[in-house]
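**Q** First, the structure itself, so that you have it in front of you.
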Amino acid sequence: MPDSEPIFLLLPSILSLILFFILIKRKQRRYNLPPGNMGWPFLGETIGYLRPYSATSEQNLSLSFELNSTFFRYGNIYKSNLFGEKTIVSADAGLNKFILQNEGRLFECSYPRSIGGILGKWSMLVLVGDMHRDMRIISLNFLSNARLRTHLLREVEKHTLLVLNTWKEKCIFSAQDEAKKFTFNLMAKNIMSMDPGHPETEQLKKEYVTFMKGVVSAPLNLPGTAYRKALQSRSTILKFIEKKMEVRIRIMKEGKENSEEDDLLEWVLKHSNLSTEQILDLILSLLFAGHETSSVAITLAIYFLPGCPLAIQQLREEHLEVARAKNQSGETELNWDDYKKMEFTQCVINETLRLGNVVRFLHRKALKDVRYKGYDIPCGWKVLPVIAAVHLDPCLFDHPQLFNPWRWQVSQSPYNLSFFFFCGGVPAFPFSGGSITQNNGSRGAGTTTSSASSGNYFMPFGGGPRLCAGTELAKLEMAVFIHHLVLNYQWELADTDEAFAFPFVDFPKGLPIRVFKS
C-alpha cells in the first residue's frame with residue numbers, strides 16, 4: 001500500500017495536465033484548409049515542383065506534371081509542402097490578385113533562404129518593408145519616365161543596332177545568346193558605364209553567366225557544385241563593382257568632372273545613404289533583373305512570331321509606317337512619339353509575356369490568418385501565387401494555348417482557326433479544334449470574363465507595391481528590338497528547340513535561327 005501512495009498523490013496533477021491540454025486544444029483555431037497532399041516528410045512535393053518542364057506545353061498550366069494533376073484533383077487552390085514549408089498554392093486569379101494587393105498588410109515576400117544567400121540579403125527580390133520601399137524608390141527614380149524618354153530610349157536603340165548589325169545573310173546563331181548580349185551590354189553600360197566588347201565587360205559577363213547557373217541550381221554549397229561556383233562568381237563580381245565604387249568616390253572627393261554621371265552607380269553614390277554592402281547588392285540585383293527577364297522575353301517573341309505570319313506582316317506594316325515618317329522628317333533616331341505609335345507591337349509584347357510567362361510563380365508568406373472563398377490561410381504559411389496558370393486559364397483567355405496578339409485589341413481577330421493553320425501558324429501546344437472569334441480576350445457572353453476583367457489578372461511583372469520597377473524599360477527594350485528586327489530581317493528556326501522552365505525560362509539549344517536580309 002505505501003508503494004501506491006505516490007501514484008495517488010500524483011493522480012490529481014496528471015488529471016489536471018490532461019484537462020489543461022484538452023482545453024488548450026479546444027481553444028486552438030481549427031482551420032478549414034484547402035484540399036491537398038503534403039507529400040514526403042520535409043521534401044514535400046518540392047522535387048516535382050522544380051523538375052524541368054516545357055514552358056510552352058499544356059504542362060505550363062500548372063508548372064509540372066505533378067502540379068498539373070494536383071490542380072485537376074484539388075482545384076485552383078490547394079495545400080502542399082514546398083521548399084521545406086507548409087504552403088498554399090494558388091492558380092486562382094482572384095486570390096493571386098488579392099495576395100499582391102495586400103503586400104505588407106496580409107502577406108509579405110518570402111523567398112527560400114538559398115535565393116537570399118546568392119543574391120544577397122539586401123537584394124530587392126528578398127527585401128521587405130521600409131528597406132524594400134527605399135531601394136525601389138531609388139530604382140524608380142533612375143528608371144523614371146523622363147529618363148526613359150530622354151536617355152534610355154536612345155541607349156536601347158544604340159545597343160539593339162550594335163547586336164543586329166553583326167548579323168549576316170543566312171547566318172545561323174543562337175537567338176537567346178544574342179538577346180542576352182543585348183540586354184547585358186545595355187544594363188552594364190547604364191549601371192556602371194561599361195562599354196560593349198571591352199575586356200572587363202566580357203570578363204564580367206563570363207562571371208555573370210556562372211553566377212546565373214547557380215541561381216537556378218540546387219542550393220548545395222559543396223565543392224564543384226553550380227551553387228558553390230555561383231557564390232565564387234558573386235564574390236568576384238562584387239569585388240569588381242566595389243573597385244568601380246572606390247574610383248568614383250575618389251573622383252567625387254577630388255571634385256573632378258566625371259563623364260559617367262548618367263549611370264546608376266554614380267546616381268546612388270550621390271543621392272542615397274546606402275552602405276557599401278547595400279549598394280553592391282542593389283547593383284547586382286538590378287543587373288540580374290534587368291538582364292535575365294528582358295532577354296528571355298525577346299527570345300520568346302522571336303520563337304513565337306514565325307508561327308504566326310500574319311502577326312509578322314502587321315508588325316512590319318506598323319514599323320514601316322514609323323520608318324517612313326522618320327525619313328520624311330529627316331530624323332534617324334527613334335523618339336518617344338514613335339514608340340507610342342507601336343500599338344500592335346504592344347499587343348505582341350503582351351501576348352509573348354502572357355503565353356511565355358517569364359515569371360512563373362511568386363513566393364509570399366501570410367502575416368495574419370486569412371480566409372478566402374471559405375478556405376483558411378494560416379499565419380506563417382507560405383503562399384505561392386502561380387501567375388502562369390492564370391495567364392493560361394481558358395475562363396479568362398480564349399484558347400489560351402494559341403499565340404494570338406489580336407486578343408489585346410478591341411477589334412476582332414482577323415482570322416479563324418482554320419485560316420490560322422492555312423497560313424502556317426502553330427499553336428504553342430496541341431489544340432482540340434474550333435475557331436477563334438476573338439474579342440479583346442474573351443470567349444463571348446456567359447462563357448468567360450470580359451477583356452477588362454482578364455486584363456486585371458494579367459500580371460507578367462507582378463503587382464501591388466512590388467510591381468517590377470523595370471516594367472516600362474522592359475517593354476521599351478522589346479519594342480525597339482522588334483522594330484529593327486522586322487524592318488531589317490526575316491528569320492526561321494534552324495533547329496527544333498523549345499523553352500523549358502527550371503524555374504527560369506531557358507532554351508536548351510539557345511534557339512538557333514537562320515536570318516535573311518529584308
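The values are calculated or read from the model by the stated rules, or taken from the named source; none is laboratory data. Treat the numbers as computed from the prediction; the structure is a model and nothing was measured. Positions of Cβ are generated from backbone atoms using ideal geometry, with glycine treated the same way; all protein chains shown enter the neighbour counts. All accessible areas refer to the heavy atoms of the entire protein, side chains included, with ligands and DNA or RNA removed. Shrake-Rupley method; radii C 1.70, N 1.55, O 1.52, S 1.80 Å.
**Q** Across region 177-186, what is the total count of residues that are over 17 Å from the mean Cα position of the chain (by Cα) and either open to solvent by less than 10 Å² (accessible area, probe 1.4 Å) or of a type outside the set (Asp, Glu) (or both)? Break it down stepwise before answering.
**A** Filtering region 177-186 for residues over 17 Å from the mean Cα position of the chain (by Cα) gives 177-178, 181-182, 185-186.
Of the ones still in play, those that are also either open to solvent by less than 10 Å² (accessible area, probe 1.4 Å) or of a type outside the set (Asp, Glu) (or both) are 181-182, 185-186.
The total comes to 4.
**Q** Please determine, by comparing only the residues of region 142-167 that are farther than 26 Å from Glu207 by Cα, touching a residue at least 12 places away in the same chain (Cβ under 8 Å) and open to solvent by 50 Å² or more (accessible area, probe 1.4 Å), which one is nearest to the chain's Cα centre (by Cα).
**A** The residue in question is Asn145.
**Q** Which of the residues belonging to region 370-389 are among the aromatic types (Phe, Trp, Tyr) and either assigned to a strand (DSSP E or B) or without any contact (Cβ under 8 Å) to a residue 60 or more places away in the chain (or both)?
**A** Filtering region 370-389 for residues among the aromatic types (Phe, Trp, Tyr) gives 372, 375, 381.
Matches in region 370-389: Tyr372, Tyr375.
**Q** So is Ser454 at pLDDT below 90 and crowded, with 22+ Cβ neighbours inside 10 Å or not? I'd like the intermediate steps shown before the answer.
**A** Values: at pLDDT below 90: yes; crowded, with 22+ Cβ neighbours inside 10 Å: yes.
The answer is yes for Ser454.
**Q** I'm trying to understand the selection: among the residues of region 325-349, which are in a helix (DSSP H, G or I), open to solvent by 80 Å² or more (accessible area, probe 1.4 Å) and at pLDDT 95 or above?
**A** Taking region 325-349 first, the residues in a helix (DSSP H, G or I) are 325-329, 336-340, 343-349.
Next, from what is left, pick out any that are open to solvent by 80 Å² or more (accessible area, probe 1.4 Å): 327-328, 337, 340, 343.
Asp337, Lys340, Glu343 - these are the residues of region 325-349 that are in a helix (DSSP H, G or I), open to solvent by 80 Å² or more (accessible area, probe 1.4 Å) and at pLDDT 95 or above.
**Q** With under 19 Å from the mean Cα position of the chain (by Cα) and of a type in the set (S, T, N, Q) as the only criterion, which of Ser123, Ser80 stands out? Before you say what the answer is, go through the steps one by one.
**A** Details: Ser80 fails: under 19 Å from the mean Cα position of the chain (by Cα).
Residue meeting the stated conditions: Ser123.
**Q** What number of residues within region 78-97 satisfy the criterion of being more than 18 Å from Val128 (Cβ to Cβ) and open to solvent by 40 Å² or more (accessible area, probe 1.4 Å)?
**A** 3
**Q** So which residues in region 91-119 are over 18 Å from the mean Cα position of the chain (by Cα) and either of a type in the set (Phe, Trp, Tyr) or not in a helix (DSSP H, G or I) (or both), if there are any at all?
**A** The answer is Asp92, Phe98, Asn102, Gly104, Arg105, Leu106, Phe107.
**Q** Conditions: (1) under 26 Å from Met135 (Cβ atoms); (2) in contact with a Leu (Cβ under 7 Å, 6 or more places away or on another chain). Val247 meets all but one. Number of the miss?
**A** (2)
**Q** Something else now. So which residues in region 210-229 are among the β-branched types (Val, Ile, Thr) and over 17 Å from Val505 (Cβ atoms)?
**A** Looking only at region 210-229, we keep the residues that are among the β-branched types (Val, Ile, Thr), and these are 210, 215-216, 225.
Within region 210-229, Thr210, Thr225 qualify.
**Q** If Leu320 meets every condition in (1) open to solvent by 50 Å² or more (accessible area, probe 1.4 Å); (2) in contact (Cβ under 8 Å) with a residue 60 or more places away in the chain; (3) farther than 29 Å from Phe403 by Cα; (4) of a type outside the set (Asp, Glu) apart from one, which number is that one?
**A** Among (1) open to solvent by 50 Å² or more (accessible area, probe 1.4 Å); (2) in contact (Cβ under 8 Å) with a residue 60 or more places away in the chain; (3) farther than 29 Å from Phe403 by Cα; (4) of a type outside the set (Asp, Glu), Leu320 violates only (3).
**Q** If you check Leu265 against the conditions, is it open to solvent by 10 Å² or more (accessible area, probe 1.4 Å), among the hydrophobic types (A, V, I, L, M, F, W, C) and at pLDDT 90 or above? Explain how you work it out, then say what you get.
**A** On the way: open to solvent by 10 Å² or more (accessible area, probe 1.4 Å): no; among the hydrophobic types (A, V, I, L, M, F, W, C): yes; at pLDDT 90 or above: yes.
In short, no.
**Q** Follow-up question, since we're still on this one. Give Ala445, Ala474, Ala499 a once-over and let me know the one that is out of contact with any His (no Cβ under 9 Å at 6 or more places or on another chain) and at pLDDT 90 or above.
**A** Values: Ala445 fails: at pLDDT 90 or above; Ala499 fails: at pLDDT 90 or above.
Just one listed residue meets the conditions, Ala474.
**Q** Taking Pro306 as meeting all but one of (1) touching a residue at least 60 places away in the same chain (Cβ under 8 Å); (2) open to solvent by 20 Å² or more (accessible area, probe 1.4 Å); (3) closer than 28 Å to Thr236 by Cβ; (4) not acidic (Asp, Glu), write down the number of the exception.
**A** (3)
**Q** Against the condition assigned to a loop (DSSP other than H, G, I, E, B) and either among the β-branched types (Val, Ile, Thr) or at pLDDT below 90 (or both), how does Pro223 come out, does it pass?
**A** Details: assigned to a loop (DSSP other than H, G, I, E, B): yes; either among the β-branched types (Val, Ile, Thr) or at pLDDT below 90 (or both): yes.
Judged against the criteria, Pro223 is a match.
**Q** Of all residues in region 468-506, count the ones that are open to solvent by 70 Å² or more (accessible area, probe 1.4 Å) and either in a helix (DSSP H, G or I) or under 23 Å from Ser144 (Cα atoms) (or both).
**A** Summing the residues that are open to solvent by 70 Å² or more (accessible area, probe 1.4 Å) and either in a helix (DSSP H, G or I) or under 23 Å from Ser144 (Cα atoms) (or both) in region 468-506 gives 1.
Conditions tested, residue by residue: (1) closer than 24 Å to Val156 by Cβ; (2) buried (at least 23 other Cβ atoms within 10 Å of the Cβ); (3) hydrophobic (A, V, I, L, M, F, W, C).
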| residue | (1), (2), (3) |
| --- | --- |
| Cys171 | yes, no, yes |
| Ala175 | yes, yes, yes |
| Pro223 | no, no, no |
| Tyr227 | no, no, no |
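**Q** Pull up region 229-245, narrow it to residues that are among the aliphatic types (A, V, I, L, M) and more than 14 Å from Gly116 (Cα to Cα), then point me to the one that is surrounded by the most Cβ atoms within 10 Å (Cβ to Cβ).
**A** Let us first name the residues in region 229-245 that are among the aliphatic types (A, V, I, L, M), namely 230-231, 237-238, 241, 245.
With more than 14 Å from Gly116 (Cα to Cα) added as a condition, the list becomes 237-238, 241, 245.
On the way: Ile237: 19, Leu238: 17, Ile241: 22, Met245: 19.
Once the filter is applied, the top-ranked residue is Ile241.
**Q** Quick one: in region 352-369, which of the residues that are in a strand (DSSP E or B) and over 17 Å from Met459 (Cα atoms) is farthest from the chain's Cα centre (by Cα)?
**A** Our first condition is that a residue be in a strand (DSSP E or B); within region 352-369, this holds for 361, 364-366.
Okay, now just the ones that are also over 17 Å from Met459 (Cα atoms), so 365-366.
Values: Lys365: 19, Ala366: 22 Å.
So the residue we want is Ala366.
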